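The values are calculated or read from the model by the stated rules, or taken from the named source; none is laboratory data. Just so it is clear, the structure is predicted and the values come from calculations on it, not from any experiment. Heads up, the Cβs are rebuilt from the backbone with ideal geometry, glycines too, and the neighbour counts pull from every protein chain shown. For the accessible areas, the whole protein counts, side chains as well, though only heavy atoms, and no ligand, DNA or RNA atoms are used. Shrake-Rupley method; radii C 1.70, N 1.55, O 1.52, S 1.80 Å.
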Amino acid sequence: MSSIIIQRSSTGFRTKLEEASASDRSQLSTGREGVGPAGEQRLHCVGCVMEVLRAWFGRAGVGAWRARRQVVWGTCVLVMVGVIYLQYAPSGLLDHPSAPRHRALNTLYSPHEHEMGQQPSERTQVQRVRFVTGGEGSQSGPEGNVDTHVHDDVDNNNNMNSINEEAVPSDPASQQHHLAVEGLQRRVAERRVQEEQVAAGGGNAGEAGAVMLPQQDLPPAGVWGGGQYRYNPYGEPVYGRTDRPNYIPAHRVVHFDLKGAPPKMSALLQLIPWLARQGATAVMLEYEDMFPWRGRLAQVAAKNHYSRKQISGLVAACRSHGLEVIPLVQTFGHLEFALKHERFAHLREVPEIPQALCPSLNESLWLVRALVDQTMALHPGARFLHIGCDEVFQLGECERCRLVVRESLFLQHMKAVARYVRQKYAAVPLVWDDMLRHVSESAMQEAQLGQLVEPMVWVYAEDVYRFVQPSVWSKFGQVFPRVWAASAFKGAFGEQLTVPNVRRHLDNNLNWLDVMSAETAKFTGGFRGLVLTGWQRYDHFAVLCELLPAAMPSLSVNLLAVSHGYFNASVQGQLYQALNCMQTPKYQTWLNLDADPFLWDKFSWCFFPGAPVFKMTARLDATRRDVDAYLERVTRSRAWITDYNRRHNYSSPMRVDEDLEELPARLHSVTLLLKTAREALAEWFDDWTVGEWLEQHIWPLLNRLQALQREAESMKAVKYWPARPLPLLSELAAFGVSEPSTVDGQGRQEGDGGGGRT
């Protein structure tokens, strides 16, 4: 029918077109009077063209009407092609390897460029930045490059003094911060002028050589990642500064926490050359109960500990790839792995808590020396030995220790252990610094700690100065010639996390570089290096947190950052190569740590060591959220499979069936995830560790679903139900709620006379 209508319409249209053409020809013929031959020819051509155009447009309209479906489909195809191109093609708005090498953590421009209102396209100047390495007089980068490098960035002197007035934020809070930064710059400039005047002997700034401190009205802190920027005593921003040389630690140490969940030695040996290629210079091995203790210490070792041959092979592999080995053995606190046993329980500072050693017992020093001797026997020639001494929560509490000042008690024990290490093995003892932060400078000087140990200052949060203030750095600088720093690449932001938050760890490491650059002048020998810790348990009794294979992207990101002194798109090629990513458009753009802080989206298609475990954690996260949402809906939002219904076995079979419709799919999903996780973890860990991790993270999901299924099926099996009210929960009797006396058929209690409950 539609074709007949179209045909009739086209016929009528052609008739009208012919009539119009005849009319035009008559008009042209009447208008030819007074026109020459050339003009007549032009008019004839114009008429022919008009006739052809009208005929063509008529046919085109009919054709378009007939082919409307093809037009619609063609338009859809073009739109889809455009969307796919925008999704996967490299965008010019994103950073790429040729982009300027600014020091921003994850943005297209640095935090200072945010404050200045400067856009990335405005960064056209090139600055030469000298790379500075801390400690031991080294001035070379991770691969022995020369100490200068062309660093494409904003000219920082101009950047700190020029502000784009048109880019002042309209948001009141942002505008207030913007004005505070301007005031900060003015105060800094005034202070520098005053210092120059004092140095020249002029002005009225007091004694010659005095430093004029600014007013205490510091600018408001800038927000980043849920935390806040802090400022040094001069009121200048410390983190994210672009007007300093890029600081590269002389030693870049990767810490392996092996306690209670030892990776297979084959997996560790696979990582050694990988670490060396990414810029690591040393590894720190914390064995705890994974060490093959012998003699009286034999029962301290775990059942699945490493063999002596395995440890010797690991040490040899590290040294063959140029990685120094630093063993770590606890000698004061965190001795649960030894003090938990009955044989050594009498050495506890507090009998009920196997955490800290009593330093007043002679046998305590014997235990420490035995631990040190056996450790050093498998690490011959080690230059450094980390002796722990952190988080000694129980100190000065037993009857003997109460007679000594806690500060002196701690220093005496540390001094005895450090002297033993130096005298017998000529190794430098390293200690965690947290117990020394509140010890007076005079007490440390009197104990001669500066000649015995080197502190390792550890802060795993983004804001380093919040935990170690500039005054602590000044105090340490008066006591110790050299110092170490310790950041983290995993195991610091949640006791049961399965994968690290890369954004937070990157902030921590880059802020550490800023702090090391600012504080290194306080020490005659500067910073020895930076240790990237990777904790696998928070202590001996804690469950597992992020496993090593799941943290490989975080380790790669942070190790590259501290090995270059910055982290941005200029290291894109190295990062993707290290993680063995495919050559696709997805890996021609830079990271987005704001939207993808765990990097599940970015690196789920890469094939680095441990990639199956990393991908499995993303699947676990999605499955866990889905199961939790389902259980929340059917047990709390809806009203037929609640705890009350299951406890009394009382519900509607029809409603129970409705709520169980989605249960089989989730049971299948969790069961399949458990099998996948077992296969992925088996490449890295033995069955003990695999079983512990599955029991901790996946088994609870399966157990909850199966329990719900059993109880729901039990409710469905009921054919007859009792009259209400149902029996009260017996445990409520402890709170004065118990069942009243028997109720008769009229809703009255026996003997009540209808007056209500008593």
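Could you please tell me which pairs satisfy a Cβ distance under 9 Å, a separation of 6+ or placement on different chains, a first residue in region 365-380 that is without any contact (Cβ under 8 Å) to a residue 12 or more places away in the chain and over 19 Å from Gln299 (Cβ atoms), and a second residue that is outside any loop (DSSP other than H, G, I, E, B) and open to solvent by less than 20 Å² (accessible area, probe 1.4 Å)?
Pro380/Val315
Step by step: first the residues of region 426-465, then only those that are surrounded by fewer than 20 Cβ atoms within 10 Å (Cβ to Cβ) and part of a helix (DSSP H, G or I), then the one that is farthest from the chain's Cα centre (by Cα). Which residue is that?
Among them, the one singled out is Glu446.
Pairs please, first residue from region 282-301 and closer than 16 Å to Leu430 by Cβ, second anywhere and in a helix (DSSP H, G or I), Cβ atoms under 6 Å, 6+ apart in sequence or on different chains.
If the second residue must be in a helix (DSSP H, G or I), the pairs left are Val283/Cys318.
Looking at Val405, is it in contact with an Asp or Glu (Cβ under 8 Å, 6 or more places away or on another chain), surrounded by fewer than 21 Cβ atoms within 10 Å (Cβ to Cβ) and among the hydrophobic types (A, V, I, L, M, F, W, C)?
Criteria not met by Val405.
Of all residues in region 248-287, which are surrounded by fewer than 20 Cβ atoms within 10 Å (Cβ to Cβ) and over 19 Å from Ala488 (Cα atoms)?
Those that are surrounded by fewer than 20 Cβ atoms within 10 Å (Cβ to Cβ) and over 19 Å from Ala488 (Cα atoms): Lys264, Met265, Ser266, Ala267, Leu269, Gln270, Pro273, Arg277.
Filter region 731-743 for residues that are out of contact with any Leu (no Cβ under 8 Å at 6 or more places or on another chain) and surrounded by 10 or more Cβ atoms within 10 Å (Cβ to Cβ); which is modelled with the lowest pLDDT?
Per the stated criteria, the residue is Val743.
Look at Asp594 and say whether it is open to solvent by 40 Å² or more (accessible area, probe 1.4 Å), at pLDDT below 95 and among the acidic types (Asp, Glu).
yes
Which of the residues that make up region 342-360 are in a helix (DSSP H, G or I) and either touching a residue at least 60 places away in the same chain (Cβ under 8 Å) or surrounded by 17 or more Cβ atoms within 10 Å (Cβ to Cβ) (or both)?
Phe344, Leu347
Taking region 466-496 as the search range and keeping residues that are touching a strand residue (DSSP E or B) at 6+ places or on another chain (Cβ under 9 Å) and in a loop (DSSP other than H, G, I, E, B), which one is surrounded by the most Cβ atoms within 10 Å (Cβ to Cβ)?
Per the stated criteria, the residue is Gly491.
Of all residues being of a type in the set (S, T, N, Q) and farther than 24 Å from Asp433 by Cβ in region 361-393, which is most open to solvent (accessible area, probe 1.4 Å)? Just the residue, please.
Per the stated criteria, the residue is Asn362.
If a residue has to be aromatic (Phe, Trp, Tyr) and over 19 Å from Leu361 (Cβ atoms) to count, how many in region 411-437 make the cut?
2
Taking region 336-355, which residues are in contact with a Leu (Cβ under 8 Å, 6 or more places away or on another chain) and over 16 Å from Arg296 (Cα atoms)?
Arg348, Glu349, Pro354, Gln355
Looking at region 622-659 only, could you name the residues that are among the hydrophobic types (A, V, I, L, M, F, W, C) and open to solvent by 20 Å² or more (accessible area, probe 1.4 Å)?
Within region 622-659, Ala622, Ala629, Ala639, Trp640, Met654 qualify.
Only one residue in Phe410, Phe384, Phe480, Phe393 is over 30 Å from Val300 (Cα atoms) and among the aromatic types (Phe, Trp, Tyr), so which one is that?
Phe480
Across region 515-556, what is the number of residues that are open to solvent by 10 Å² or more (accessible area, probe 1.4 Å), assigned to a strand (DSSP E or B) and either among the hydrophobic types (A, V, I, L, M, F, W, C) or within 30 Å of Pro612 (Cα to Cα) (or both)?
1
Taking the condition within 30 Å of Gln696 (Cα to Cα), in a helix (DSSP H, G or I) and open to solvent by less than 10 Å² (accessible area, probe 1.4 Å), does Leu559 pass?
yes
Hey, which of the helices (runs of 4 or more DSSP H) in region 648-750, taking only ones fully inside, have at least 3 residues that are within 30 Å of Pro262 (Cα to Cα)?
Fully inside region 648-750 and qualifying: 663-682, 687-697, 699-716.
Taking region 467-511 on its own, how many of its residues are among the charged types (D, E, K, R) and closer than 13 Å to Arg437 by Cα?
1
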